[in-house]
Amino acid sequence: MNPLYETLNYDEHLKGLLQKKIKLILDDRVLRQGQLVLYGFKNFSIQLFFKANKTDKLRKTEIPIPFSIEKKDSNLILDYNPSKLFPKGVKLPEDLSKSQDKFLFKKLTIEPTITKPKK
């Protein structure tokens, strides 16, 4: 098993986001936003449960487990570039570039939303 993969501690990063309003941003597009109330792991994905802003209904969003995680300022960056799994100089299989996965070769940003206090 790749030592990099073993050192990723998802709980450490996700616990700090619980009960906060966040945005999931992929390619400058907001995939989901709301208050993160619960998260879990299922197979090779992370399940995020959001409380919608206008209703109390929970909405589930599944994202693949990333190849690396980076904390930058208050944002969490999940990297889905498979080159993170291979040593430098190793050529990636050509089949990967033909994948239809919307996360592959991209970065997902989890951005806490700053809420202004009500007057």
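A short reminder: the numbers here are calculations on the coordinates, not readings from a lab. All values derive from a computational prediction rather than experimental measurement. A quick note on method: Cβ atoms are made from the backbone with ideal geometry, for glycine too, and the neighbour counts reach across all protein chains shown.
At-a-glance table
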item	result
Chymotrypsin sites (Phe, Trp or Tyr not before Pro) within region 23-70: DSSP coil, no more than 13 neighbouring Cβ in 10 Å	PHE44
The chain, relative contact order in percent, only Cα pairs under 8 angstrom and at least six apart counted	26
Of LYS51/LYS91; LYS51/LYS98; LYS23/LYS84, those spanning more than 31 Å from alpha-carbon to alpha-carbon	LYS51/LYS91; LYS51/LYS98
Ellipticity estimate at 222 nm from DSSP helix runs (n ≥ 4, -39,500 (n - 2.57)) divided over the chain, nearest 500	-1500 deg cm²/dmol
Ranked list, fewest to most other Cβ atoms within 10 Å of each Cβ, for LYS23, LYS102	LYS102, LYS23
In order through region 81-93: 3J(HN,Hα) via Karplus (6.51 cos²θ - 1.76 cosθ + 1.60), integer Hz, x for Gly, Pro	7, x, 5, 5, 8, 10, x, 4, x, 7, 7, 6, x
Separation in nanometres of the label points that stand 7 Å from Cα toward Cβ, at VAL37 and LYS15	2.2
Candidates LYS20, LYS106, LYS54: whichever shows maximal mean-square fluctuation once the chain is modelled as a Gaussian network with Cα springs under 10 Å	LYS54
Proximal charge balance of ILE22 [Cβ under 10 Å; K/R count +1, D/E count -1]	+3
Exposure proxy ranking, count of Cβ atoms within 10 Å, fewest first, for THR113, THR61, THR55	THR55, THR113, THR61
Sequence of TYR80, TYR10 once ranked by neighbouring C-beta atoms within 10 Å, starting from the fewest	TYR10, TYR80
